[in-house]
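**Q** Next up is a structure, given as structure tokens.
The values are calculated or read from the model by the stated rules, or taken from the named source; none is laboratory data. It should be emphasised that the depicted structure is a prediction, and the values quoted were computed from it without experimental measurement. Here the Cβ is made from the backbone with ideal geometry for all residues, glycine too, and neighbour counts use every protein chain on show. SASA here: full protein model, heavy atoms, side chains in, ligands and nucleic acids out. Shrake-Rupley method; radii C 1.70, N 1.55, O 1.52, S 1.80 Å.
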Amino acid sequence: RIEPASRSIRGDALLTFGTRAPLRQIELDLDRNLPIDGIEVDGQALAASEWRNPEGKLTIALPRLLEPGKLVTVRVRYHGRPHVARKAPWDGGFVWSQTPDGQPWVASAVQGEGCDLFWPCIDHPLGEPQEVVQHITVPSPLVAAGNGIAEGMDEHTDGSGAGWRTYHWRAKQPNTYAIALNIGPYELLQGDYRSRFGNTIPLRFWHLKGNTQRAQGLFAEFT
């Protein structure tokens, strides 16, 4: 959940791991700017003494030995104000900006510093998960353009009556540093590219309101 008003986020990450060697603990990366609210392993809540994150290296003690061929699911709930990029994309972090008409315009730039600036992950180029499913909640009527295949959007309200949107995305075998957030009052252009091999590739281009003509000109170069 992205909260532009306070420049903060809330996360609930569910990660499933296998192993090639017996493990008694799992190490993840999560920036120290993001305090942890709780950790569960296979649905079992862990005491705070069972995990530590002193230098952004989150070490979690498993309730039982993880054997090769078995899977374990780790849930990490966290919140906080993520590191802000001073000169994106040359340095990593969040970019909290506004559109010309004053609406929130938010993005992440983490290719250099890594995915752990806003979600718990294995911050290594070889640490590609088989699949990443994102549920990105933003204030309505903002749009969250994400990675992979779009799987819909839900609208809802919170206890104060404020409107929110949750966008659902699914990507297979992405680099963890390539998972990105891009949020704004976007409009969408759609089209298809037909390759010389007979494949049809769907193209989607999100642009800010007021830039339709320029966006159409750029989009035409791809379709």
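**Q** Sorted by accessible area (1.4 Å probe), largest first, how do TRP206, TRP90, TRP105 line up? Walk me through the numbers before you get to the answer.
**A** On the way: TRP206 70, TRP90 205, TRP105 90 Å².
The ordering from most to least exposed comes out as TRP90, TRP105, TRP206.
**Q** Relative to the compact globular guide of 2.2 N^0.38 Å, what is the alpha carbon radius of gyration of the chain, as a ratio? Could the numbers behind the result be given before it?
**A** Values: Rg = 19.3 Å, N = 223, 2.2 N^0.38 = 17.2 Å.
Output field value: 1.12.
**Q** While we're on this one: At 37 °C and 0.692 mPa s, grab the translational diffusion coefficient of the stretch 147-186 from Stokes-Einstein with a Kirkwood Rh over Cα pairs, rounded to a whole number in µm² per second.
**A** On the way: Rh = 12.1 Å.
It comes out at roughly 270 µm²/s.
**Q** So for the stretch 163-223, averaging the separation of alpha carbon pairs under 8 Å that are six or more residues apart and normalising by length, what relative contact order in percent results? Kindly include the intermediate steps, with their values, before the conclusion.
**A** Working: 46 pairs, mean separation 16.9, N = 61.
Normalised by residue count, the contact order of the stretch 163-223 is 28 percent.
**Q** Could you grab the relative contact order for the chain? Cα pairs under 8 Å, six or more apart, rounded to a whole percent.
**A** On the way: 485 pairs, mean separation 38.6, N = 223.
Relative contact order of the chain: 17 percent.
**Q** Quantify how much of the Cα-Cα distance distribution of the stretch 74-155 extends past 16 Å, in percent. Working shown, then result.
**A** Values: 2092 of 3321 pairs.
When every Cα pair of the stretch 74-155 is considered, 63 percent fall beyond 16 Å.
**Q** Could you tell me what % of all Cα pairs in the stretch 92-223 have separations over 17 Å?
**A** 67
**Q** Starting from the Cα of PHE222, step 7 Å along the direction of its Cβ; do the same at SER97; then give the gap between the two resulting points in nm.
**A** So the label points at PHE222 and SER97 sit 1.8 nm apart.
**Q** Scan the chain and report its longest stretch carrying no trypsin sites (Lys or Arg not before Pro) that are both in a DSSP loop and have at most 10 other Cβ atoms within 10 Å.
**A** On the way: sites that count: ARG20, ARG86, LYS87, ARG196.
With a cap of 10 other Cβ atoms within 10 Å, the longest stretch comes to 88-195.
**Q** Something else: Kindly provide the GluC sites (Glu not before Pro) of the stretch 35-98 that DSSP labels as loop, not H, G, I, E or B, and whose Cβ sees at most 14 other Cβ atoms within 10 Å. Please report the intermediate quantities before stating the final value.
**A** Details: sites: GLU40, GLU50, GLU55; in loops: GLU55.
Sites meeting the loop and neighbour criteria: GLU55.
**Q** Obtain the radius of gyration and the Kirkwood radius of the stretch 42-106 from its C-alpha atoms and give Rg over Rh. Present the calculation step by step, with values, prior to reporting the outcome.
**A** On the way: Rg = 18.5 Å, Rh = 15.8 Å.
So for the stretch 42-106, dividing Rg by the Kirkwood Rh gives 1.17.
**Q** Under 19 Å from a label point 7 Å along Cα→Cβ of ARG20: give me every residue in the stretch 63-82 with its amide N that close.
**A** Correct set: 66-72.
**Q** So which residue, out of PRO104, PRO68, PRO185, gets the largest mean-square fluctuation from a GNM of the chain using Cα contacts under 10 Å as springs?
**A** Comparing PRO104, PRO68, PRO185 in a Gaussian network model of the chain, the most mobile one is PRO68.
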